[in-house]
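The values are calculated or read from the model by the stated rules, or taken from the named source; none is laboratory data. If you're wondering where the values come from, they're calculated on a predicted model, not measured in any experiment. FYI the Cβ positions are ideal-geometry reconstructions off the backbone, even for glycines, and counts take in every protein chain you see. Side chains included, ligands, DNA and RNA excluded: accessible areas come from the protein's heavy atoms. Shrake-Rupley method; radii C 1.70, N 1.55, O 1.52, S 1.80 Å.
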Amino acid sequence: MSTLLIKNGYLMTMDSAGNKYYADLLIENERIKRVAPKLEVKADKVIDAAHRLVMPGFVQAHIHLCQSLLRGQADDVPLMEWLDTITSLEFRHTPETLYASARLGIAEMIKSGATSVIDMGTLHHQDSIFMAIEESGIRAQAGKAMMDRTENLPPLLRETTDASIKESVDLLHRWHGKADGRIRYGFAPRWQLWNTTGLLQEIKREADKNPGVGIHGHAAEIEYEIQAMIEQTGMRNIVYLEKIGVVGSNVQMAHCIWLDEQELQIMAETGTNAVHCPCCNTKLGSGVAKVPEMLKKGINVALGSDGAPSNNNLDIFGEMRQASLIHKLRLGADAMPAEDVIKMAITNGAKAIGMQDQIGSIEEGKLADIIILDDGGLSAAPVRNFEQEDIIKRLVSSYHSSSVQSSIINGRLVMENRTLLTMDETEVLEDAKSALSELWNNKLSAEQ
Ligand SMILES: [Zn+2]
């Protein structure tokens, strides 16, 4: 049995009552054992969190670890042009370059306070991503990208329906529930335009019969996609997904920008999760999702960065600030309160991954996914003390990721005083540099 005691911190619990108070917190193995003022117990490790904020870790609910190396490779261009450049590199991954890419993304996210992620992989070598997740200590739903309707794309971007499903189901059996339960499998059909109805229906059947398995895709990101969907299926994205039965609480769809009233209603009624990616949507000029309206309807909206080249950070603090600002342009200064934003980044993310009973708040018995932050430094100053300030508003509007000091995931300390304990940061950076050169070499030599 291992024990970890966090003393003297200000706990922002994110429980249903929104409790915040000074207390000690005892972690036993992977769970929160006790929360109380002045715990007089012995522990294997004691962290003094005086003048520190202790809170549940963030959930990055839509990312592409396979693209972390490609940051800065396609800037100032619209989505379809961006997609051409990024896919031409993404599909040149070897198992080694993919591993380097995943480690780079995970390191950045742990350092910016994420304790859980939902990832869409690339077509092949998915084991490399799972290995990086397992070693890093982060919690993740992940799965290989599925693309079985890509006959118009280059051969590297094609797979048959049967092969795609077989490889995904094999990966599910190999990885779902592994790493002390930190890893969950998530089928990852890329977007409805590149998937057959048969594939989508089959993976929904598989997901429904395997508890904790999700389905993670993109939907209604750009206007062009809606017209193309109507030409291909006669329906808009979410109407189509409902018609074929691919909706529900184990389905997460990133972006959901161009949804009409009927589609919003379907999302709400079926409990289908949306993931808002405000920095990515702004960068690519894709549009602004109707998030305040979605929240009002009871749709579970989580928050994510999308891939490094479409953002260009994997920093949940950037997403929170952007989410808090972007909707005010359209609906006014009270359109997106900080309390709603932080819930999207933690509570709703936990729900999207299907783990709301296990993570997303500091409560006895829950899994210990916890981060410890300083007082926000110059950008959030002056904080007289945590009790007197509206700390949620400061977190959303003023804090930077550099305030995240330590991170505990599944009861294990993975970062202490901004030093990663599960990977060597210098090595991660060096490996990423050489892996990017290798990707470009692979692409250029294949095109000669
Ligand atoms: Zn994406």
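Matching residues to (1) in a loop (DSSP other than H, G, I, E, B); (2) modelled with pLDDT of 95 or more:
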| position | (1), (2) |
| --- | --- |
| 264 | no, yes |
| 269 | no, yes |
| 285 | yes, no |
| 289 | yes, yes |
| 294 | no, yes |
| 298 | yes, yes |
| 305 | yes, yes |
| 314 | yes, yes |
| 320 | no, yes |
(request) List the number of the failed condition for residue 68; all other conditions in (1) open to solvent by 70 Å² or more (accessible area, probe 1.4 Å); (2) under 27 Å from residue 141 (Cβ atoms) hold. (result) (1)
(request) Filter the helices (runs of 4 or more DSSP H) completely within the stretch 86-192 down to those with at least 2 residues that are under 24 Å from residue 72 (Cβ atoms) and among the acidic types (Asp, Glu). (result) 95-111
(request) Name, by its number, the condition in (1) among the hydrophobic types (A, V, I, L, M, F, W, C); (2) assigned to a helix (DSSP H, G or I); (3) within 16 Å of the ligand (Cβ to nearest atom); (4) open to solvent by less than 10 Å² (accessible area, probe 1.4 Å) that does not hold for residue 83. (result) (4)
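Hey, can you tell me all the residues within the stretch 304-318 that are touching a Cys at 6+ places or on another chain (Cβ under 9 Å) and away from the ligand (no atom under 13 Å from the Cβ)?
Scanning the stretch 304-318 gives 312, 313, 315, 318.
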(request) Would you point out which residue out of 170, 180, 208 is in contact with an Asp or Glu (Cβ under 7 Å, 6 or more places away or on another chain) and open to solvent by 30 Å² or more (accessible area, probe 1.4 Å)? (result) 180
(request) Hey, could you check the stretch 278-303 for residues that are of a type outside the set (Gly, Ala, Ser) and open to solvent by 30 Å² or more (accessible area, probe 1.4 Å) and say which is nearest to the ligand (Cβ to nearest atom)? (result) 283
(request) All but one of (1) within 16 Å of the ligand (Cβ to nearest atom); (2) free of Cβ contacts under 8 Å to residues at least 40 places away in the same chain; (3) among the small types (Gly, Ala, Ser) hold for residue 145, so report the exception by its number. (result) (2)
(request) Identify all residues within the stretch 1-29 that are open to solvent by 70 Å² or more (accessible area, probe 1.4 Å) and either farther than 18 Å from residue 387 by Cα or in contact with a strand residue (DSSP E or B) (Cβ under 7 Å, 6 or more places away or on another chain) (or both); write none if there are none. (result) 1, 16, 20, 21, 22
(request) Sort out which residues of the stretch 38-79 are in contact with a Leu (Cβ under 9 Å, 6 or more places away or on another chain) and assigned to a strand (DSSP E or B), and write them in order of number. (result) 45, 46, 47, 53, 54, 55, 58, 59, 60, 61, 62, 63
(request) Take the residues in the stretch 211-228 that are among the charged types (D, E, K, R) and in a helix (DSSP H, G or I), then tell me which one is surrounded by the most Cβ atoms within 10 Å (Cβ to Cβ). (result) 225
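Residue check: is residue 275 of a type in the set (Val, Ile, Thr) and within 16 Å of the ligand (Cβ to nearest atom)?
yes
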(request) Name every residue in the stretch 243-272 that is buried (at least 19 other Cβ atoms within 10 Å of the Cβ) and either within 16 Å of the ligand (Cβ to nearest atom) or polar (S, T, N, Q) (or both), in order of residue number. (result) 250, 251, 252, 253, 254, 255, 256, 257, 258, 272
(request) State whether one or more residues within the stretch 107-116 are touching a helix residue (DSSP H, G or I) at 6+ places or on another chain (Cβ under 7 Å), within 15 Å of the ligand (Cβ to nearest atom) and open to solvent by less than 10 Å² (accessible area, probe 1.4 Å). (result) no
(message) Being among the acidic types (Asp, Glu) and open to solvent by less than 10 Å² (accessible area, probe 1.4 Å) is the filter here; which residues of the stretch 307-326 pass it?
(response) 319
(request) Exactly one condition in (1) open to solvent by less than 50 Å² (accessible area, probe 1.4 Å); (2) among the hydrophobic types (A, V, I, L, M, F, W, C); (3) away from the ligand (no atom under 16 Å from the Cβ) is not met by residue 331; state its number. (result) (1)
(request) Might you check whether a residue that is acidic (Asp, Glu), within 16 Å of the ligand (Cβ to nearest atom) and assigned to a helix (DSSP H, G or I) occurs anywhere in the stretch 229-238? (result) no
(message) For the stretch 117-142, give me each residue that is within 16 Å of the ligand (Cβ to nearest atom) and hydroxyl-bearing (Ser, Thr, Tyr).
(response) 122
(request) Filter the stretch 129-167 for residues that are surrounded by fewer than 16 Cβ atoms within 10 Å (Cβ to Cβ) and closer than 30 Å to residue 406 by Cβ and give the result. (result) 135
